[in-house]
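Everything below concerns the one structure shown next.
The values are calculated or read from the model by the stated rules, or taken from the named source; none is laboratory data. Please read these numbers as outputs of a predicted model, since none were measured by experiment. Cβ placement follows ideal geometry from the backbone for every residue including glycine, while neighbour counts extend to all protein chains displayed. The area values use the complete protein model at the heavy-atom level, side chains included, leaving out ligands, DNA and RNA. Shrake-Rupley method; radii C 1.70, N 1.55, O 1.52, S 1.80 Å.
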Amino acid sequence: MITPAFELSQDSQYLILSIRVPYTRTSDFDLYIDGADFKFYAKPYFLRLSLPGRIVEDGREKATFDIDKGLFTLQVPKETDGEQFEGLQMLTSLLAPKGSRSAQPLVEDISMEACGGSVGACGEEEEDEEEYDWQVEQEVYMESSEAELGFLQKYGFGNQRSGVFARLQEELTDVIDVTNPEETTAGERRRARQYAESSAFCSDHYLADLFEDDEIQRLLRFCPWWAELSCSLDQEGEEAVVCFTDDEKDQLRKFTNRSYLLDKMTRQHTWLSLVDILLAYTYEVRTTEGEHNVESPWTIRKLSGTLCWLETYSSMQEVLVSFGRRVLCFPLYRHFDLISAAVRDTARILQSGKACVLKCLLDIHKTFRENDPAYILNDLYITDYCIWIQRVKSRKVTALAGPLQKISRCKKDLGLELDELEQAAAMVEKDEEQRSRSSGPQTLAGDCSSRSDSSSSSNDSSEESDDSEADRQGCTHSAEGGGAGGGGRGGEKAKASPPPLQPRPLHASPTPLPRQPLPTTVTLSAGRKPDPLIQELGEQVAEELWISQAQPRAGHTGDDGSATEAERSGSQLAAASSAGTFLELCPRRNPLLVVKTDRDLDEDDIIG
């Protein structure tokens, strides 16, 4: 809390209090009058007085507030008419908390009797006292001399203010970004601002808004209220007709009429700062589509170097560079096209004349007035601008639009290496496109190659099947010829070949195996019997594997109509491997064992 400067005076009926509270809002005054206790609160000021006499609040009290001087004057009736209050000049004594004038023992013994015999009542009093201690220390306000103010830095409208933030340190960080504006020169503020902007720039955010700009394109198509005014101008230099609302008219009546004596350099700084504030305002209106929100005060003052860093510009180029850098560093939408759109909107406002500029300033004034603590910026800049713009000539306002539009706006001027960043992002995007394009043909080529491999393998397997079929046919013809010649039984039976095996249906074979010769396949040639060792190995493998095949058809036996077990098993394995039969796991034992039937036994006996 800040203790304001105050003075007390009196007459026969009233106690007059004059309290100086600059840079505060008139709607936030709060008074408390109770006998000799007087309390005044207007954020961030607080005053508590212990008066030498009693005053009352009976409806006769009067209060006035001088906005220019920041002086609040209050007349409070005395409880007893004609009573003279003594010691009104003893400010230190008046600021002392109630009850601290008389000596009090440092240690006091509180017994049950002191609490009135009620423990609950004593506990309630302690709780009430511990809620908040209003007896805070207060210091008498000391006005700074002109010599001391001369060493402080200037800021505000026309660089006419100083010492404002010396006593508003609590409100400082929520309004501006300068840590010590009273002792920081304009050059130091500019360097600190540029460093803060470079540190806050986020390349990822910028590139995201650059490549995914659907929302930004929609904002660029928005038409603000001043677009219709500029289009209605018949000729250049003519002011547009602007209608003010009742609230705006009421606010204009509250302003105090004053004149400003500004030298040539100060006038230049004032005009350039006005352009800077209008640029921030037009950006905020476009991005919110004309509907202010809770972030509007922050956006306007954050994008304006004048309001946020107490900046003073010397050229229009500096204004555009500062505004462009801040647009790409702080708000939600960070796109270079929004900078160009704000420049065009500001030029249209200036072309429409000072009435349009005044309406924009009144809108900013209302936005700051409803936000805590942005109202301080109204006292530093906006209020003075609203009064000053009404006295300037309109042709000077419209003359600013030409230089503003002629200034070139290049990304390289912002000093954020935007061109290099965009080129790098474009190269990365191009490489990704090439990868995506190249990955498609490779996939197709791989599919074609795999298909050709599969077709070649199928052709090879079909050729092998054809060869095996030819071999089987050759063996069959040999066997038939041998039978006709009446050769030996062993050789003729060895030449005999069983009919080709039919593959098991697909649904009956869950896991087909590739067409490769089985390790247990026995290839029999004419006049050669199978080796017993090979036969034994085939029987062992047969215990684990079951070869699906069709039953042999009649009419494909040897001359004697029979064959040995080894010949039959070997022929069946060879036929299964050549025909590509399916193998299944089967728990049965000896599936290839051929059991002789009674008919076979009879034929053997007859031959024997």
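Name the single residue that is least open to solvent (accessible area, probe 1.4 Å) among those in region 295-310 being closer than 21 Å to residue 339 by Cβ and in a loop (DSSP other than H, G, I, E, B).
304
To keep it simple, each residue is scored yes or no on (1) exposed (fewer than 11 other Cβ atoms within 10 Å of the Cβ); (2) of a type outside the set (Phe, Trp, Tyr).
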| site | (1), (2) |
| --- | --- |
| 388 | no, no |
| 392 | no, yes |
| 395 | no, yes |
| 398 | no, yes |
| 403 | no, yes |
| 415 | no, yes |
| 425 | no, yes |
| 431 | yes, yes |
| 434 | yes, yes |
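Residues of region 324-341 being out of contact with any Ser or Thr (no Cβ under 9 Å at 6 or more places or on another chain) and charged (D, E, K, R), which ones?
Of everything in region 324-341, those that are out of contact with any Ser or Thr (no Cβ under 9 Å at 6 or more places or on another chain) and charged (D, E, K, R) turn out to be 334, 337.
Examine region 349-365 for a residue that is modelled with pLDDT of 95 or more and open to solvent by 30 Å² or more (accessible area, probe 1.4 Å), and state whether such a residue exists.
Scanning region 349-365 turns up at least one residue that is modelled with pLDDT of 95 or more and open to solvent by 30 Å² or more (accessible area, probe 1.4 Å).
Does region 366-381 hold any residues that are within 17 Å of residue 304 (Cβ to Cβ), touching a residue at least 24 places away in the same chain (Cβ under 8 Å) and either open to solvent by less than 20 Å² (accessible area, probe 1.4 Å) or of a type in the set (Asp, Glu) (or both), and which are they?
Hits for region 366-381 are 367, 368, 373, 374, 375, 376, 377, 379, 380, 381.
Within region 8-38, how many residues are touching a residue at least 12 places away in the same chain (Cβ under 8 Å), closer than 23 Å to residue 81 by Cα and assigned to a strand (DSSP E or B)? So that I can check it myself, show each step before the final result.
Initial filter on region 8-38 (touching a residue at least 12 places away in the same chain (Cβ under 8 Å)): 8-10, 12-26, 28-31, 33, 35-38.
Narrowing the set further to residues that are closer than 23 Å to residue 81 by Cα leaves 8-10, 12-18, 31, 33, 35-38.
Checking which are assigned to a strand (DSSP E or B) leaves us with 8-10, 14-18, 31, 33, 35-38.
Number of matching residues: 14.
Those residues that are closer than 17 Å to residue 327 by Cα and loosely packed, with under 15 Cβ neighbours inside 10 Å, I need them from region 161-196; list them, please.
195, the sole residue that qualifies.
State yes or no: is residue 326 among the basic types (Lys, Arg) and open to solvent by 20 Å² or more (accessible area, probe 1.4 Å)? Give the derivation first.
Numbers: among the basic types (Lys, Arg): yes; open to solvent by 20 Å² or more (accessible area, probe 1.4 Å): no.
No, not satisfied.
Just wondering, is there one or more residues in region 38-46 that are surrounded by fewer than 16 Cβ atoms within 10 Å (Cβ to Cβ) and of a type in the set (A, V, I, L, M, F, W, C)?
no
Take region 268-294 and flag every residue that is of a type in the set (D, E, K, R) and either closer than 17 Å to residue 222 by Cα or loosely packed, with under 15 Cβ neighbours inside 10 Å (or both).
The initial filter retains those residues of region 268-294 that are of a type in the set (D, E, K, R), namely 276, 284, 286, 289, 291.
Within region 268-294, 284, 286, 289, 291 meet the criteria.
For region 171-193, which positions are of a type in the set (A, V, I, L, M), in a helix (DSSP H, G or I) and modelled with pLDDT of 85 or more?
Of the residues in region 171-193, the ones of a type in the set (A, V, I, L, M) are 172, 175-176, 178, 186, 192.
Now drop any that are not in a helix (DSSP H, G or I), which leaves 172, 186, 192.
Hits for region 171-193 are 186, 192.
Conditions first: (1) assigned to a loop (DSSP other than H, G, I, E, B); (2) under 29 Å from residue 65 (Cβ atoms); (3) touching a Lys or Arg at 6+ places or on another chain (Cβ under 7 Å). Residue 257 passes all but one, so which condition is the exception?
Of the numbered conditions (1) assigned to a loop (DSSP other than H, G, I, E, B); (2) under 29 Å from residue 65 (Cβ atoms); (3) touching a Lys or Arg at 6+ places or on another chain (Cβ under 7 Å), the odd one out for residue 257 is (3).
Please state which one of 482, 487, 446, 474 is at pLDDT below 85 and buried (at least 17 other Cβ atoms within 10 Å of the Cβ).
482 is the lone residue from the list that is at pLDDT below 85 and buried (at least 17 other Cβ atoms within 10 Å of the Cβ).
Go over the candidates 232, 199, 203, 145 one by one and state the one that is surrounded by fewer than 13 Cβ atoms within 10 Å (Cβ to Cβ), among the small types (Gly, Ala, Ser) and modelled with pLDDT of 90 or more. Can you show your working first?
Numbers: 232 fails: modelled with pLDDT of 90 or more; 203 fails: surrounded by fewer than 13 Cβ atoms within 10 Å (Cβ to Cβ); 145 fails: modelled with pLDDT of 90 or more.
On inspection, the qualifying residue turns out to be 199.
Right, residue 266: in contact (Cβ under 8 Å) with a residue 60 or more places away in the chain, more than 30 Å from residue 338 (Cβ to Cβ) and in a helix (DSSP H, G or I) or not?
Spelling it out, residue 266 is indeed in contact (Cβ under 8 Å) with a residue 60 or more places away in the chain, more than 30 Å from residue 338 (Cβ to Cβ) and in a helix (DSSP H, G or I).
What do you reckon, is residue 241 of a type outside the set (Asp, Glu) and touching a Phe, Trp or Tyr at 6+ places or on another chain (Cβ under 9 Å)? Spell out how you get there, then give the answer.
Details: of a type outside the set (Asp, Glu): yes; touching a Phe, Trp or Tyr at 6+ places or on another chain (Cβ under 9 Å): no.
The answer is no for residue 241.
Do you know which of the residues in region 311-322 that are aliphatic (A, V, I, L, M) and surrounded by fewer than 22 Cβ atoms within 10 Å (Cβ to Cβ) is nearest to the chain's Cα centre (by Cα)? Outline the logic, then answer.
To start, the set of residues in region 311-322 that are aliphatic (A, V, I, L, M) comprises 316, 319-321.
Checking which are surrounded by fewer than 22 Cβ atoms within 10 Å (Cβ to Cβ) leaves us with 316, 321.
Details: 316: 33, 321: 25 Å.
Going through the qualifying residues, I end up with 321.
Residue 435 - would you say it is in a helix (DSSP H, G or I), of a type in the set (Lys, Arg) and modelled with pLDDT under 90?
yes
Exactly one of these conditions fails for residue 346: (1) modelled with pLDDT of 95 or more; (2) open to solvent by 10 Å² or more (accessible area, probe 1.4 Å); (3) among the polar types (S, T, N, Q). Give me its number.
Of (1) modelled with pLDDT of 95 or more; (2) open to solvent by 10 Å² or more (accessible area, probe 1.4 Å); (3) among the polar types (S, T, N, Q), only one is false for residue 346: (2).
Test of understanding: among 259, 296, 322, which residue is within 21 Å of residue 369 (Cβ to Cβ) and among the small types (Gly, Ala, Ser)?
296
Taking region 255-274 only, how many residues are of a type in the set (Lys, Arg) and modelled with pLDDT under 85?
1
What are the residues in region 239-267 that are within 24 Å of residue 395 (Cα to Cα), surrounded by fewer than 14 Cβ atoms within 10 Å (Cβ to Cβ) and among the acidic types (Asp, Glu), if any?
Of everything in region 239-267, just one residue is within 24 Å of residue 395 (Cα to Cα), surrounded by fewer than 14 Cβ atoms within 10 Å (Cβ to Cβ) and among the acidic types (Asp, Glu), namely 263.
Only one of these conditions is not met by residue 47: (1) more than 20 Å from residue 11 (Cβ to Cβ); (2) at pLDDT 55 or above; (3) in a loop (DSSP other than H, G, I, E, B). Which number is it?
Going through the list (1) more than 20 Å from residue 11 (Cβ to Cβ); (2) at pLDDT 55 or above; (3) in a loop (DSSP other than H, G, I, E, B), residue 47 breaks only (3).
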